[in-house]
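> Please find one structure pasted underneath; my questions will follow.
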Amino acid sequence: MKIRDSFTLRTVRKKIIMVSKLAGALLILSYIISTKLEISPDIAFALWFVFVICIVLAVDFLMGHFISKPVIKLSQTARKMAGLDFSSACSVTSADEFGELSANLNVMAEKLQQTLANLEAANTQLEKEVEKERRLLEERRELADSLSHEMKTPIGVIRAFAEGLQDEADEEERQKYYKIIISETERMNGLITALLDLSALESGASELTPERFDLVELVEIVAGRLLIDIPDIDFELQYELPEHRSFVSADKKRMEQVLDNLIVNARKNVRPGGIVKLSLTKENGLLHFSVYNQGPAIPQENLQKIWTKFYRERNSTYSGSGLGLAIVSQILNMHGLPYGVENLSDGVQFYFSIPVVSSATA
């Protein structure tokens, strides 16, 4: 086995030695032949010289094939790899050191390309995490600023009227101050309660408890409480409800909260003497709820902002906590239900859809 390997051309060194020995042998043989020919010495020398040139050209070709071309290809591949270009593999396939180096370069290029891809993916993920953290910090700062702003007004009112009580002798005025202080205290309590509720929903601390219930009945109860059984109604109520019961599967208390916030939002934004319209229609296995109020439109660029915490439309005619629609958005997202808001010709309509479940569903 070792004797056979000694005659193979598996190394560049052996190829060079083999070519040089062959060239030398051919030179000697050609010289001997040229001296034995029965021709003039000048012609014999010319023939030998031509043969020597052919041998030199052949040696040059073989050296280029065995050494120069592989080195050039290896150099080109290494240059591309230095520029982080791993698109093309080295094509040297000879069974010698150059072929082995080519194969190793290709393996290294493949591994480097995979490593770079992993680094890029990790970098992209890191950028996303950094951006997420930045947004979280920004949201926390905005939340703190908004909460501070929201709390300053009722605290300032409470302090002003509390100081006024010290110097007010008129009992009727004192009672008026008491009512204002209690009202602002309730406003603060409502703001804090709503904020804690929203935080519990966003953090997952508050989970949904689905149950089967009649949505038509729930809409009638909530609408009756918020739109009918109230004094000093200054709007026209219109409604469209199914004649038959329609059951859904959801967290009933949370869906009641959604209806509360949407209906209160419509009631407080309807223009004096305008229309508030409730609609609950059934189509293709879905119940589509909508509440419409005549009033100023929401600017198109603000339609998505209204679902964020503490956002209030400048044209809004009432002062709320700015958390109601954010709570609606969070609850409907947790249920996986589609929802939205749109401007109509002379008002604004909020809507959502929920699948109907059969009466036999437990």
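The values are calculated or read from the model by the stated rules, or taken from the named source; none is laboratory data. None of the values given here were measured: they were computed from a predicted structure. Reconstructed Cβ throughout: ideal geometry from the backbone, glycine too, with neighbour counts over all protein chains shown. Heavy atoms of the whole protein, side chains included, go into the accessibility calculation; ligands, DNA and RNA do not. Shrake-Rupley method; radii C 1.70, N 1.55, O 1.52, S 1.80 Å.
> Full-extension gain between residue 165 and residue 244, please, as 0.36 nm times their residue separation minus the C-alpha to C-alpha distance.
Length gained, residue 165 through residue 244: 22.8 nm.
> Can you give the FRET efficiency for residue 333 and residue 236, using 1/(1 + (r/R0)^6), R0 = 25 Å, r = Cβ-Cβ distance, to the nearest 0.05?
On the way: r = 33 Å, r/R0 = 1.30.
The value I calculate is 0.15.
> Okay, next question. Determine the per residue accessible area of segment 39-105 with all protein chains present and a 1.4 angstrom probe, expressed in square angstrom.
On the way: 4420 Å² over 67 residues.
Dividing the accessible area of segment 39-105 by its residue count gives 66 Å².
> If you roll a 1.4 angstrom probe over the protein chains with everything in place, what fraction of the accessible area of segment 248-310 belongs to carbon and sulfur, to the nearest %? Numbers along the way, then the final one.
Details: 1310 of 2800 Å².
The computed percentage sits at 47.
> So how far apart, in nm, are the two label points at residue 183 and residue 85 if each is 7 Å from Cα heading toward Cβ?
Placing both labels 7 Å beyond Cα along the Cβ direction yields 7.6 nm.
> As a check on your grasp of the helix formula, calculate [θ] at 222 nm for the chain: sum -39500 (n - 2.57) over DSSP H runs of n ≥ 4, divide by the residue count, round to the nearest 500.
Working: 9 runs with 210 residues, N = 362.
Theoretical 222 nm ellipticity from helices: -20500 deg cm²/dmol.
> Using protein chains only and a probe of 1.4 angstrom, how many square angstrom of residue 179 are accessible, to the nearest 10?
Spelled out: residue 179, probe radius 1.4 Å, area about 150 Å².
> May I ask you to derive the FRET efficiency for residue 256 and residue 117 from their Cβ-Cβ distance with R0 = 51 Å, giving the value to the nearest 0.05? Kindly include the intermediate steps, with their values, before the conclusion.
On the way: r = 51 Å, r/R0 = 1.00.
Calculated value: 0.50.
> For the chain, modelled as a Gaussian network with Cα springs under 10 Å, which listed residue fluctuates most, 105, 332, 191?
105
> For 331, 230, what's the largest-to-smallest order of accessible area, 1.4 Å probe? Write out the running numbers ahead of the final one.
Details: 331 0, 230 45 Å².
These residues rank, largest area first, as 230, 331.
> Further, regarding this structure: Pick from 17, 228, 327: which is most flexible by mean-square fluctuation in a GNM of the chain where alpha carbon atoms under 10 Å apart are linked?
17
> Pick out which of 159, 13, 212 has the largest mean-square fluctuation in a Gaussian network model of the chain, springs linking Cα atoms closer than 10 Å.
13
> Another question, if that's okay. Which order do you get for 213, 98 if you rank them by accessible area with a 1.4 Å probe, largest at the top?
Working: 213 10, 98 35 Å².
Putting 213, 98 in descending order of accessible area: 98, 213.
> Which value, in Å² and to the nearest 10, is the accessible area of residue 241 when all protein chains are kept and the probe is 1.4 Å?
50 Å²
> May I ask you to derive the FRET efficiency for residue 78 and residue 20 from their Cβ-Cβ distance with R0 = 30 Å, giving the value to the nearest 0.05? Intermediate values should be presented prior to the final figure.
Details: r = 28 Å, r/R0 = 0.94.
Plugging the Cβ-Cβ distance into 1/(1 + (r/R0)^6) gives 0.60.
> May I pose another question? Got a sec? Charge dipole of the chain, +1 on Cβ for Lys and Arg, -1 for Asp and Glu; which of 63, 326, 266 is way out at the positive end?
63
> Going from most exposed to least, what order do 342, 207 have by accessible area with a 1.4 Å probe? Numbers along the way, then the final one.
Numbers: 342 70, 207 145 Å².
The most accessible residue leads, giving 207, 342.
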